[in-house]
Amino acid sequence: MKKDELTKIPSILYVFLGEFCNKYFESESDCKKCYEESRDPFASICIIEYLSNFAGKNDVILYRDFAGEHYLAACDDRSYYDYQANENNHDIFCWQQVDGTIEWMYKAFRDKGIIFKNDVYAQIKEEEQKLIKAIQSSF
């Protein structure tokens, strides 16, 4: 194995979406095996891929499952952007703001070593930790 192969950060993860937890794999076959061995009737599989920059946004993640694919980017702690066809003209794509969070995707890649340009979720956690320390130090 070459040195570059040892330090390569995975940009594609295969995800077992369980009812109570997700499991992340760098191998499609390992993910499928986990799914097949699972007794979770609500489980499914998806693929997430860190793209970095796409269509004018940073830290974009491509989410693919049986229903299709979505290009996603964090907006804030309560919403994210989804790159989709314009409602009036399906030849034009634009970023639509959606209520919800994609924090679990960011965390999965952060845990694998991806460094985001603007990690909204990590910034929020850092601010929360500062607030907790300030509160604790006042007692």
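When each of the peptides 60-66, 70-76 is scored by how many other beta carbons lie within 10 Å of its residues on average, the order from highest to lowest is 70-76, 60-66.
Please state, as a whole number in µm²/s, the translational diffusion coefficient that the Stokes-Einstein equation yields for the range 19-139 at 10 °C and 1.306 mPa s, with Rh defined as the Kirkwood radius across alpha carbon pairs.
Numbers: Rh = 16.5 Å.
Using the Kirkwood radius from Cα pairs, D works out to 96 µm²/s.
Split the accessible area of the range 38-109 by element, probe 1.4 Å, and carbon with sulfur accounts for 47%. For the chain, set up a Gaussian network in which alpha carbons nearer than 10 Å are linked by springs, and say which option among Glu26, Glu126, Glu49 fluctuates the most. Evaluated over the chain, the most mobile residue of the options is Glu126.
Might you tell me the accessible area per residue for the range 13-134, computed with a 1.4 Å probe and given in Å²?
Values: 7820 Å² over 122 residues.
With all protein chains present, the range 13-134 gives 64 Å² per residue.
The values are calculated or read from the model by the stated rules, or taken from the named source; none is laboratory data. Just so it is clear, the structure is predicted and the values come from calculations on it, not from any experiment. Heads up, the Cβs are rebuilt from the backbone with ideal geometry, glycines too, and the neighbour counts pull from every protein chain shown. SASA here: full protein model, heavy atoms, side chains in, ligands and nucleic acids out. Shrake-Rupley method; radii C 1.70, N 1.55, O 1.52, S 1.80 Å.
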